[in-house]
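K.L.:
What follows is a single structure, and I will ask about it in a moment.
The values are calculated or read from the model by the stated rules, or taken from the named source; none is laboratory data. All of these numbers come straight from a predicted model, not from anything done at the bench. Heads up, the Cβs are rebuilt from the backbone with ideal geometry, glycines too, and the neighbour counts pull from every protein chain shown. Keep in mind that these areas ignore ligands, DNA and RNA; they rest on the heavy atoms of the full protein, side chains included. Shrake-Rupley method; radii C 1.70, N 1.55, O 1.52, S 1.80 Å.
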Amino acid sequence: MTIPQHMSGVYLTGHGGPEALEWRDNIPVPTPGPGQVLVRVAAAGINNTDINTRIGWYSSEVTGATDSVDQDVEAGGWGGALQFPRIQGGDLCGIVEVTGTETGFKPGQRVTCPINLPRPRPGHPSGFIVLGSECDGAFAQYCLVEAGDLYDVTESPLSDLEIAAIPCAFGTAENMLARAGVTSGQKVLITGASGGVGLAAVELAALRGAAVWGVTGAAKAEVVKGQGATATFDRNAPLPTDMFDVVIDVVGGPAWPDLILALKPGGHIAVAGAIAGPIVNADLRDIYLRDITIHGCTHQAFDVFGRLVEMMNAGRIKPLISKTYPLKDIARAQEDFQSKALPGKLVLIP
């Protein structure tokens with residue numbers, strides 16, 4: 001099999017607006033070493049984390065919502081400062097093209113991987129790095145991946161597009177549900193329920209046997225119910241108090257204190273996003289007097305993605321994809337993503 005020396009893809013050249021995304025036709029194709037696999041990218045999903053990284057929102061200097069960043073930052077990645085240029089893209093579905101030694105994979109297998117990759121770093125011996133942030137990701141024709149991070153999904157009935165819509169959104173959602181201990185019969189409230197992570201959380205919580213309520217705009221309420229929600233609340237509507245066993249929150253912002261009050265005493269809230277703003281107010285008495293447990297959720301145990309792969313291969317989960325784009329149209333795709341006009345996932349095709 002002949003692999004070209006160069007490939008097309010998108011470089012992130014620094015933190016900033018869409019102008020920081022640069023289409024290139026002369027990116028060197030990486031060569032796999034021992035234990036590595038060169039994957040031809042079939043499809044790559046779009047996520048909040050791609051845009052947050054581009055604009056530098058992860059910097060502690062930034063205190064506003066993700067649509068209001070207007071300052072220059074230096075260390076704006078998940079793990080601090082990034083090396084530029086960087087190929088982003090944490091959602092990968094691809095085909096094995098070339099393998100290094102001792103990988104266990106063969107050319108032609110269809111594969112995917114989690115966005116959170118376990119890697120010890122200085123000061124973080126049990127930490128992780130993020131595909132498309134600390135290492136190059138899927139926004140190119142080829143992607144180099146450690147064999148230990150890959151999972152075979154050749155036999156899955158899902159399409160390449162559907163598999164590419166799963167790693168970040170469903171991985172984040174499954175991790176939050178697991179950390180919060182969601183079980184059958186519980187009442188679960190999910191914010192941002194029409195987005196990628198929120199809609200995945202609705203589907204996965206319903207599969208666990210929970211009764212699900214979603215917070216979303218009226219125009220997307222039926223979509224959320226179609227993925228398994230019992231009912232929805234409008235974003236601006238007041239929430240009931242002492243009703244839910246678990247809250248799954250990817251929004252943060254001004255509504256956060258009401259989410260705490262929506263929990264029953266002894267309830268759990270899992271947090272893995274703050275698109276409405278990372279700085280929140282809370283009355284600590286509402287937390288400790290009512291025995292509320294807060295889970296900050298980023299690191300994912302191995303079994304989280306392993307469960308998702310089992311569900312993918314069995315066809316038990318099916319992400320909603322609203323639109324696809326050629327990779328070259330990434331700026332337009334991210335603009336559509338940020339508009340929140342489309343539910344579920346948007347996917348890029350190299």
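K.L.:
Restricting attention to the alpha-carbon atoms of the range 224-286, what are Rg (one decimal) and Dmax (integer), both in Å?
P.N.:
For the range 224-286, the Cα radius of gyration and maximum Cα-Cα distance read 11.9, 37 Å.
K.L.:
What is the set of long-range amide H partners of Ile292 at a cut-off below 5 Å, with H atoms built 1.01 Å from backbone N?
P.N.:
Gly266
K.L.:
Then there is this: Can you tally the net charge around Glu174? Count Lys and Arg as +1, Asp and Glu as -1, for every other residue whose Cβ sits under 15 Å from the Cβ of Glu174.
P.N.:
Net charge around Glu174: +1.
K.L.:
Could you tell me which of rounded, prolate or oblate describes the range 63-187, using a ≥ b ≥ c as the square roots of the eigenvalues of the alpha-carbon gyration tensor, with rounded for a/c under 1.5 and, failing that, prolate when a/b is larger than b/c and oblate otherwise?
P.N.:
Oblate, because a/c is 1.5 or more while a/b does not exceed b/c.
K.L.:
Over all directions, the average projected area of the alpha-carbon convex hull for the range 151-281 comes to how many nm²?
P.N.:
Numbers: hull surface 33.4 nm².
For the Cα atoms of the range 151-281, the hull's average projected area reads 8.3 nm².
K.L.:
Report, in degrees rounded to the nearest 10, the 0 to 90 angle that the Cα long axis of helix 330-339 makes with the longest principal axis of the chain.
P.N.:
0 degrees
K.L.:
Sequence-distant or interchain residues sharing an amide H contact under 5 Å with Ala42, placed H: which?
P.N.:
Under 5 Å from the amide H of Ala42: Cys93, Gly94, Ile95.
K.L.:
Between their Cα atoms, which of Lys318/Lys340; Lys220/Lys328; Lys106/Lys328 are more than 26 Å away from each other?
P.N.:
From Lys318/Lys340; Lys220/Lys328; Lys106/Lys328, over 26 Å: Lys220/Lys328; Lys106/Lys328.
K.L.:
So for the chain, what percent of the C-alpha to C-alpha distances run longer than 30 Å?
P.N.:
34 percent
K.L.:
Among Ile260, Val271, Pro240, pick out the residue whose Cα is farthest towards the positive end of the charge dipole of the range 228-350, where Lys and Arg carry +1 and Asp and Glu carry -1 on C-beta, about the Cα centre.
P.N.:
Comparing the listed Cα positions along the dipole, Val271 ranks first.
K.L.:
Using Cα atoms only, what is the angle between the long axis of helix 196-207 and the major principal axis of the chain, expressed in degrees (0 to 90) to the nearest 10?
P.N.:
The answer is roughly 70 degrees.
K.L.:
Go through 128-137, 224-233 and give me the packing order, highest mean Cβ count within 10 Å leading.
P.N.:
128-137, 224-233
K.L.:
Kindly rank 113-119, 152-158 from highest to lowest mean number of other beta carbons found within 10 Å of each residue.
P.N.:
Those peptides, ordered most packed to least, come out 113-119, 152-158.
K.L.:
May I pose another question? What's log10 of I(q)/I(0) for the range 242-350 at q = 0.10, 0.16, 0.17, 0.20 Å⁻¹, Debye sum over Cα points only, no solvent?
P.N.:
With no solvent term, the Cα-only Debye profile gives -0.45, -0.96, -1.02, -1.11.
K.L.:
Taking the Cα centre of the chain as the origin, how large is its charge dipole in debye, to the nearest 20, when only Lys and Arg (+1) and Asp and Glu (-1) carry charge on their Cβ atoms?
P.N.:
Dipole magnitude for the chain comes out near 600 debye.
K.L.:
Just going by the charge dipole of the chain, with Lys and Arg at +1 and Asp and Glu at -1 on Cβ, which of Ile166, Tyr325, Thr31 is farthest out on the positive end?
P.N.:
Ile166
K.L.:
Okay, moving on. Counting only residues 5 or more places away or on other chains, whose amide H sits under 5 Å from the amide H of Ala138 once H atoms are built in the peptide plane?
P.N.:
Under 5 Å from the amide H of Ala138: Gly89, Gly90, Asp91.
K.L.:
Can you find, among Val98, Ala229, Leu177, the residue farthest towards the positive end of the dipole of the chain? Put +1 on the C-beta of Lys and Arg, -1 on that of Asp and Glu.
P.N.:
Working it through, the farthest residue towards the positive pole turns out to be Ala229.
K.L.:
Could you look at the range 1-89 and say what percent of its accessible area is carbon and sulfur, using a 1.4 Å probe and all protein chains?
P.N.:
It is 45 percent, rounded to a whole number.
K.L.:
Report in % the part of the accessible area of the range 218-265 that belongs to carbon and sulfur, leaving out ligands and nucleic acids; probe 1.4 Å.
P.N.:
Carbon plus sulfur share of accessible area: 56 percent.
K.L.:
Quantify, in whole percent, the carbon and sulfur part of the accessible surface of the range 121-211 (1.4 Å probe; protein heavy atoms only).
P.N.:
Carbon and sulfur: 53 percent of the exposed surface of the range 121-211.
K.L.:
Grab the other residues whose beta carbon is less than 15 angstrom from that of Arg290, score K and R as +1, D and E as -1, and report the net.
P.N.:
-4
K.L.:
For the range 143-198, would you read off the P(r) tail past 15 Å as a percentage of all alpha carbon pairs?
P.N.:
Counting every Cα pair in the range 143-198, those more than 15 Å apart make up 64 percent.
K.L.:
Compute the long axis of helix 302-314 from its Cα atoms, compare it with the longest principal axis of the Cα atoms of the chain, and write down the angle in degrees, 0 to 90, nearest 10.
P.N.:
On a 0 to 90 degree scale, this one is about 80.
K.L.:
In addition: For the chain, what is the accessible area per residue in Å², given a 1.4 Å probe and the full set of protein chains?
P.N.:
Here the per-residue accessible area is 42 Å².
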